[in-house]
Amino acid sequence: MVQAISRKLAWWRGECGHVYQMAVRDRARAKPGYCPYCSGRKRPERPIRLD
């Protein structure tokens, strides 16, 4: 178990299908449905394949 204030990095999959790494506390504070790629804050390093 991890607390919502943890700075530990975790992998997340957004509703859009993007996979990204973010600290637990930052993800807990983010708006529902937040994705750093869709919001324009991060650029994909390689093409993303959505199945």
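Here K42 clears all of (1) touching a Pro at 6+ places or on another chain (Cβ under 8 Å); (2) assigned to a loop (DSSP other than H, G, I, E, B); (3) modelled with pLDDT of 90 or more except the condition numbered (3). When the range 1-29 is filtered for residues that are farther than 19 Å from S39 by Cβ, at pLDDT 90 or above and of a type in the set (V, I, T), only I5 remains.
The values are calculated or read from the model by the stated rules, or taken from the named source; none is laboratory data. Note that the structure is a prediction, hence the values are computed from the model and not measured. Ideal geometry is used to build each Cβ from the backbone, glycine not excepted, and the neighbour counts take in all protein chains shown.
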